[in-house]
Amino acid sequence: MSNKIEIIFLGVNDAGMRVYEWLCERSEVFVRALLTTKEQLTVIEEVEPDLVVSCGYRHIVPESILEVPEMGCLNLHPAHLPYNRGANPNVWSIIEGTPAGVTVHYMDSTLDTGDIVARREVDTDFSDTGKDLYQRLEDAQVELFEE
């Protein structure tokens, strides 16, 4: 087990489940737990994983938890950061005309401001609804993370 990266996964949405399942299939990874509530975050302190990966997790992770994994905490965000931090970024891309996209970034003590690992812009169309764009963003998150 010592040659595998130990991960705790945070997430609940469709993209999160797809990334979680993809990680579970990797021979070089051991996913120790899937957490969906803020009350479960103490598991990170108990297990001390190498890495935390978050996708679709709807709670702010306290700094004391972010400091536990040696390799840090990665978040997949359905926005082309630094645009549209926080919840429902797909809607703000449509309303405000900001770039739509997805970002993998390190989590820090503030919301969606950590160092960016990778990001990809996603095309929008005049006829897009929030749901249309959200589905394309979820697909792009999974593809970007797998790459």
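For the chain, the 222 nm mean residue ellipticity estimated from helices alone, with every DSSP H stretch of n ≥ 4 adding -39500 (n - 2.57) and the total spread over all residues, rounds to -9000 deg cm²/dmol.
Beta bridges per DSSP, both residues in the chain: antiparallel share near 40 percent.
Only protein heavy atoms count here; under a 1.4 Å probe, Tyr83 has an accessible surface of about 100 Å². Here the dipole of segment 11-139 is about 280 debye; that uses its Cα centre as origin and unit charges on the Cβ of Lys and Arg (positive) and Asp and Glu (negative). What is the gain in length, in nm to one decimal, between Glu121 and Ile95 on full extension, counting 0.36 nm per residue of separation less the C-alpha to C-alpha distance? Working it through step by step, the gained length comes to 7.7 nm. The phi-based Karplus calculation (6.51 cos²θ - 1.76 cosθ + 1.60; θ = phi - 60°) puts the 3J(HN,Hα) values of segment 21-37 at 5, 4, 4, 4, 7, 7, 6, 8, 10, 10, 7, 7, 6, 10, 10, 10, 10 Hz, whole numbers, x for Gly and Pro.
Of Lys4, Lys131, the residue with the largest accessible area leads and the full order is Lys131, Lys4 (1.4 Å probe).
Of the listed residues Trp22, Trp92, the order by accessible area with a 1.4 Å probe, largest first, is Trp92, Trp22. Using a Förster radius of 22 Å, what is the FRET efficiency between Asn88 and Glu146 based on their Cβ-Cβ separation? Nearest 0.05, please. Given R0 = 22 Å and the Cβ-Cβ separation, E is 0.35. A full extension of the chain between Glu63 and Thr113 corresponds to an added length of 16.7 nm, given 0.36 nm per residue minus the alpha carbon distance.
The heavy atoms of Met107 present about 40 square angstrom of accessible area, all protein chains included, probe 1.4 Å. Taking all protein chains as shown and a probe of 1.4 angstrom, Thr42 keeps an accessible surface of around 70 Å².
The residues of the chain present an accessible area of 54 Å² per residue when probed at 1.4 Å with all protein chains retained. Only protein atoms count toward the accessible area here, which uses a 1.4 Å probe; on segment 1-46, the carbon and sulfur part of that area reaches 47 percent. Quote the FRET efficiency, to the nearest 0.05, computed for Thr37 versus Thr129 with a Förster distance R0 of 25 Å and r equal to the Cβ-Cβ distance. About 0.25, to the nearest 0.05.
Computed over all pairs of different Cα atoms, the Kirkwood value for the hydrodynamic radius of segment 16-124 is 14.7 Å. Here the contact order of segment 57-143, divided by its residue count and restricted to Cα pairs under 8 Å and six or more residues apart, works out to 29 percent.
Figure note: His80, His105, His59 ranked by solvent-accessible area, largest first, 1.4 Å probe, ligands and nucleic acids not counted: His59, His80, His105.
The values are calculated or read from the model by the stated rules, or taken from the named source; none is laboratory data. Keep in mind that what you see is a predicted model, and the values were worked out from it rather than measured. As a convention, Cβ positions derive from the backbone with ideal geometry for all residues, glycine included, and neighbour counts pool all protein chains shown. Areas reflect the complete protein model, heavy atoms only, side chains present, ligands, DNA and RNA absent. Shrake-Rupley method; radii C 1.70, N 1.55, O 1.52, S 1.80 Å.
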